[in-house]
Amino acid sequence: MGKSILITGATRGLGRHLATQFARRGYRLALTGRDPAVLEALAQELAADAEAPAGTEPRIVTAELDVRDAARTREVLANCAGQLGGLDIVVANAGVALPSPAGKDSLEQARTVIEINVMGAINTLDAAVQLFLDQGHGHLVGVSSVAGARGMRNQGAYCASKAALNRYLE
């Protein structure tokens, strides 16, 4: 049986690309995101397109998840591990980039970016470490950005969130 991987933020961008690549290689996948309809459509697409090794078929489970909710994040990781016979890798990928220019009344957007990109990642990584300690193995992957090392115009909160995640992962 191949490795099992949970990916947060799997419905778009890098998360979707990772899910596609792992499905093509026959990995068992747990895909999470905030839109259950998009998750289900992605799971069907991946199952249909997968080129799993002979005698196997990709196993894909989905779960609606807003990573800002720590208790729900722990619950989803535990449920997905149960469905897939454990998790070998957890990819903390969920993130957003919303413009948050200083002095432009964008504090709510900045708060959302920080909550998802920093606390959401920490919620995911913490839940994964707890799971890995219980099962005796596992690997963490934290998705960050070069923006954590260098600022970008109107993306102060995003850059700060990625810098915070970089330091946390160290």
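The values are calculated or read from the model by the stated rules, or taken from the named source; none is laboratory data. Model, not experiment: these values are computed from the prediction. Backbone-built Cβ (ideal geometry, glycine too); neighbour counts: all protein chains shown.
Results for (1) touching a strand residue (DSSP E or B) at 6+ places or on another chain (Cβ under 8 Å); (2) modelled with pLDDT of 95 or more; (3) over 25 Å from ARG72 (Cα atoms); (4) assigned to a loop (DSSP other than H, G, I, E, B), shown as yes or no for each residue.
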position: VAL118; (1), (2), (3), (4): no, yes, no, no
position: THR124; (1), (2), (3), (4): yes, yes, no, no
position: VAL129; (1), (2), (3), (4): yes, yes, no, no
position: ASP134; (1), (2), (3), (4): no, yes, no, no
position: VAL141; (1), (2), (3), (4): yes, yes, no, no
position: GLY151; (1), (2), (3), (4): no, no, yes, yes
position: ASN154; (1), (2), (3), (4): no, no, yes, yes
position: ASN166; (1), (2), (3), (4): no, yes, no, no
| Taking the stretch 142-162, which residues are within 11 Å of ILE114 (Cβ to Cβ) and surrounded by fewer than 20 Cβ atoms within 10 Å (Cβ to Cβ)? | GLY156, ALA160
| note | Taking the stretch 86-116 and keeping only residues that are outside any loop (DSSP other than H, G, I, E, B) and surrounded by 19 or more Cβ atoms within 10 Å (Cβ to Cβ), one is left with VAL90, VAL91, ALA92, ALA110, VAL113, ILE116
| How many of the residues in the stretch 31-52 are under 10 Å from the mean Cα position of the chain (by Cα) and of a type in the set (Gly, Ala, Ser)? | 1
| task | Kindly check whether there is at least one residue in the stretch 2-19 that is in a helix (DSSP H, G or I), of a type outside the set (A, V, I, L, M) and surrounded by 17 or more Cβ atoms within 10 Å (Cβ to Cβ). | result | yes
| note | Exactly one of ARG72, ARG28, ARG24 is surrounded by fewer than 22 Cβ atoms within 10 Å (Cβ to Cβ), without any contact (Cβ under 8 Å) to a residue 60 or more places away in the chain, within 19 Å of the chain's Cα centre (by Cα) and within 30 Å of GLU170 (Cβ to Cβ), and that one is ARG72
| request: Find the residue count for the stretch 97-116, including only residues that are aliphatic (A, V, I, L, M) and either in contact with a strand residue (DSSP E or B) (Cβ under 7 Å, 6 or more places away or on another chain) or without any contact (Cβ under 8 Å) to a residue 40 or more places away in the chain (or both). | output: 1
